[in-house]
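The values are calculated or read from the model by the stated rules, or taken from the named source; none is laboratory data. Remember, predicted model here, so these are calculated numbers, not experimental data. No Cβ is skipped: glycine too gets one built from the backbone with ideal geometry, and neighbour counts run over all protein chains shown. To get the accessible areas, we keep the full protein, side chains included, count just its heavy atoms, and leave off ligands, DNA and RNA. Shrake-Rupley method; radii C 1.70, N 1.55, O 1.52, S 1.80 Å.
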Amino acid sequence: MKHRLMALVLAALPVLAHAADDPADAPDLPPRAQVIEALGSSPMVQAAGAVIEAEEARSRRLAAGTHEWTVRLTDQQRRVRATPDQRFNEWNVGLERALRLPGKSELDRQLGAAGIASARITRGDAMHEASRMLLSGWFDWLRERASADQWRRQREILARQAQVVGRRVELGDAPRLERLQADAALAQAEAQLAQALGRAEVAAEQLHKLYPALHLPAQLADVAPVQIDADALSWRNAILEHNHELGVARSESARARIQANRTDAERRPDPSVGVHMANDRGGEERIIGLTLSIPLPGEGRRADADMAIANAQASAYREAGVLRKIEAEAAALYRRATAAHTGWQSQHLAADALGRSAELTERAWQLGEGSLSETLAARRLAHEARLAARLAQLDASEARYRLLLDAHRLWPLDKHDDDDHDHP
């Protein structure tokens with residue numbers, strides 16, 4: 001048994017080496033070009049890209065400031081009682097604007113840059129989440145297809161067995177009860193096959209609707225899972241280094257700190273300066289003057305500053321919570337991947353042993369040394385073991401690919417982040 005497993009592993013070494021060198025091009029994954037196209041056209045990713053444009057516009061707005069020039073124009077008529085017939089047309093025009101105090105414009109620039117950085121990381125998080133959904137949906141379809149293929153093989157075996165039983169009954173070498181048992185087993189297999197095919201079609205339709213760029217292969221690749229490296233700490237560090245959710249939390253925390261500083265700076269009101277000209281008594285008096293107005297800060301500005309500080313503290317706590325969650329998820333991903341690979345090995349050995357047992361049991365029945373019920377039971381056990389081994393194989397591969405995905409070693413997700421940094 002061990003020698004047969006070793007032969008299987010040795011035969012799969014070329015495929016395993018190729019998958020280890022470039023897992024994105026593994027035969028049990030969709031082609032990389034299709035994946036990138038599917039992710040780029042995802043509404044979730046496109047929405048996050050639109051948020052970047054909104055943050056860039058907001059950054060320009062913060063750099064320009066909220067203060068604008070204000071024009072004041074007054075037109076009036078003066079009537080003097082001492083001389084009722086004497087009337088004067090008068091007017092007053094002024095131009096004024098509030099000025100940001102030194103330091104506030106720099107904080108506004110930092111706030112705008114922080115918003116853009118946060119939006120870019122958020123788009124990376126959307127790309128990563130879309131990748132997770134694609135990988136999960138892909139392996140859901142693989143499992144349904146593999147289940148259908150295994151039931152198809154089981155139906156073929158039982159159909160061949162039913163034909164043998166039918167001939168033996170016609171020749172009088174077997175009771176009619178065995179024909180009923182063989183036909184019942186075949187009918188059950190056909191029913192299970194129909195259900196499995198239906199589930200596979202549903203999974204395929206979901207992939208087509210969610211990711212139109214993906215083309216599902218006609219034949220499934222039977223790829224043995226690759227065992228991951230045993231260095232759990234390196235996997236943890238890689239996941240933490242590239243985790244977008246943690247990056248979003250950190251960027252929002254930094255943004256909240258800048259916002260707190262900006263709100264605190266607003267406790268010093270911006271002065272407004274202006275110039276005005278007046279024409280009084282029909283032009284007998286001309287006035288040119290300067291104006292300066294300074295709002296008197298009140299308790300409201302202090303409350304705004306306290307609220308911003310509290311929000312910054314809340315963001316810091318959320319960042320710590322996300323870090324703790326990601327560390328736990330990274331450890332769980334690694335343990336799940338290693339356990340899934342070990343489980344697949346055990347399932348494969350069990351399937352191999354039960355398959356040979358079913359062949360021996362059928363051979364003994366053909367020689368008249370056993371019953372059909374024992375043969376059918378052995379075939380059922382072998383089928384269940386093969387199906388469990390195939391599903392365990394897919395579970396192990398998915399767990400490894402998920403670990404590679406979260407460590408950014410599966411698909412080139414960082415390329416889109418780099419493209420964002422190239423924009424002015």
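All told, residue 348 meets the bar of being at pLDDT 90 or above and not in a loop (DSSP other than H, G, I, E, B). The condition of being surrounded by 12 or more Cβ atoms within 10 Å (Cβ to Cβ) and at positive phi does not hold for residue 40. Might you let me know whether the stretch 293-302 holds any residue that is in contact with a strand residue (DSSP E or B) (Cβ under 9 Å, 6 or more places away or on another chain), open to solvent by less than 90 Å² (accessible area, probe 1.4 Å) and farther than 30 Å from residue 249 by Cβ? Checking the stretch 293-302: at least one residue is in contact with a strand residue (DSSP E or B) (Cβ under 9 Å, 6 or more places away or on another chain), open to solvent by less than 90 Å² (accessible area, probe 1.4 Å) and farther than 30 Å from residue 249 by Cβ. The set of residues from the stretch 302-349 being β-branched (Val, Ile, Thr), in contact (Cβ under 8 Å) with a residue 40 or more places away in the chain and farther than 19 Å from residue 125 by Cα comprises 309, 338.
Condition check: out of contact with any helix residue (DSSP H, G or I) (no Cβ under 8 Å at 6 or more places or on another chain), β-branched (Val, Ile, Thr) and either under 29 Å from residue 158 (Cβ atoms) or at pLDDT below 95 (or both). Does residue 338 satisfy that? Considered against the rule, which asks whether it is out of contact with any helix residue (DSSP H, G or I) (no Cβ under 8 Å at 6 or more places or on another chain), β-branched (Val, Ile, Thr) and either under 29 Å from residue 158 (Cβ atoms) or at pLDDT below 95 (or both), residue 338 comes out as yes. Condition test on residue 326, is it part of a helix (DSSP H, G or I) and β-branched (Val, Ile, Thr)? Against the criterion (part of a helix (DSSP H, G or I) and β-branched (Val, Ile, Thr)), residue 326 qualifies. For the stretch 381-397, which residues satisfy the criterion of being over 22 Å from residue 336 (Cβ atoms) and either of a type outside the set (D, E, K, R) or touching a residue at least 60 places away in the same chain (Cβ under 8 Å) (or both)? Scanning the stretch 381-397 gives 381, 382, 383, 385, 386.
Table: residues versus (1) more than 28 Å from residue 131 (Cβ to Cβ); (2) at pLDDT 90 or above; (3) of a type in the set (S, T, N, Q).
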| position | (1), (2), (3) |
| --- | --- |
| 10 | yes, no, no |
| 14 | no, no, no |
| 24 | no, no, no |
| 47 | no, yes, no |
| 60 | yes, yes, no |
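Taking (1) out of contact with any Asp or Glu (no Cβ under 6 Å at 6 or more places or on another chain); (2) outside any strand (DSSP E or B); (3) of a type in the set (D, E, K, R) in turn, residue 250 satisfies each apart from (1). Among the residues of the stretch 66-73, is there at least one that is touching a residue at least 60 places away in the same chain (Cβ under 8 Å), under 27 Å from residue 266 (Cβ atoms) and part of a loop (DSSP other than H, G, I, E, B)? Among the residues of the stretch 66-73, at least one is touching a residue at least 60 places away in the same chain (Cβ under 8 Å), under 27 Å from residue 266 (Cβ atoms) and part of a loop (DSSP other than H, G, I, E, B), which makes the answer yes. Screening the candidates 113, 184, 148 for the property of being open to solvent by less than 40 Å² (accessible area, probe 1.4 Å) and assigned to a helix (DSSP H, G or I) yields one hit, 148. Residue 165 meets each of the listed conditions (1) surrounded by 20 or more Cβ atoms within 10 Å (Cβ to Cβ); (2) under 28 Å from the mean Cα position of the chain (by Cα) apart from (2).
Counting the residues of the stretch 200-231 that are part of a helix (DSSP H, G or I) and within 28 Å of residue 342 (Cα to Cα) gives 2. Taking (1) of a type in the set (A, V, I, L, M); (2) in a helix (DSSP H, G or I); (3) modelled with pLDDT of 90 or more in turn, residue 6 satisfies each apart from (3). For the stretch 187-196, residues that are open to solvent by less than 60 Å² (accessible area, probe 1.4 Å) and touching a Phe, Trp or Tyr at 6+ places or on another chain (Cβ under 9 Å) total 3.
Against the numbered list (1) within 27 Å of the chain's Cα centre (by Cα); (2) surrounded by 13 or more Cβ atoms within 10 Å (Cβ to Cβ); (3) of a type in the set (Lys, Arg), residue 179 comes up short only at (1). Restrict the check to the stretch 124-135 and report whether at least one residue is of a type outside the set (Val, Ile, Thr), surrounded by fewer than 16 Cβ atoms within 10 Å (Cβ to Cβ) and within 30 Å of residue 388 (Cβ to Cβ). Yes; the residues of the stretch 124-135 include at least one that is of a type outside the set (Val, Ile, Thr), surrounded by fewer than 16 Cβ atoms within 10 Å (Cβ to Cβ) and within 30 Å of residue 388 (Cβ to Cβ). Within the stretch 304-346, if we keep just the residues that are more than 21 Å from residue 224 (Cβ to Cβ) and among the basic types (Lys, Arg), the residue that is most open to solvent (accessible area, probe 1.4 Å) turns out to be 324.
For the stretch 26-37, the tally of residues that are surrounded by fewer than 19 Cβ atoms within 10 Å (Cβ to Cβ) and either of a type outside the set (A, V, I, L, M) or at pLDDT below 50 (or both) stands at 5. Within the stretch 204-224, restricting attention to residues that are small (Gly, Ala, Ser) and farther than 22 Å from residue 155 by Cα, the residue that is surrounded by the most Cβ atoms within 10 Å (Cβ to Cβ) is 224.
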